[in-house]
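Below is one structure, written out as structure tokens; comments come after it.
The values are calculated or read from the model by the stated rules, or taken from the named source; none is laboratory data. These numbers come from a predicted model, not from an experiment. Here the Cβ positions follow ideal geometry from the backbone for every residue, glycine too, while neighbour counts run over all protein chains shown.
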Amino acid sequence: MVRRRYPLQPFTKLFLAALALTVGVWALRGLSLLAFLPGAVLWLLILLCFGLGIISSLQRMR
């Protein structure tokens, strides 16, 4: 089992979860499995990823 020297911060975990969700929704929408989903939902997920990424990197600099 690999141990991390520095545990992940809560916002980093949220960022990674939001990023995985966004990539999953984007891939499934591209395969037309989630074609009924409006494009605004995908844009909101992308903006959420940007926001969480900025907050996560600001916390890391502290």
Practice task
Go through the range 10-62 and give me each residue that's in contact (Cβ under 8 Å) with a residue 12 or more places away in the chain and of a type in the set (Val, Ile, Thr).
Solution key: Thr12, Thr22, Val25, Val41, Ile46, Ile55
Handout entry: Leading residue by the ranking (surrounded by the fewest Cβ atoms within 10 Å (Cβ to Cβ)) among those in the range 1-41 that are among the hydroxyl-bearing types (Ser, Thr, Tyr) and either at pLDDT 85 or above or not in a loop (DSSP other than H, G, I, E, B) (or both)
Key = Ser32
Handout entry: Of all residues making up the range 39-62, the number that are farther than 13 Å from Val25 by Cβ and among the aliphatic types (A, V, I, L, M)
Key = 6
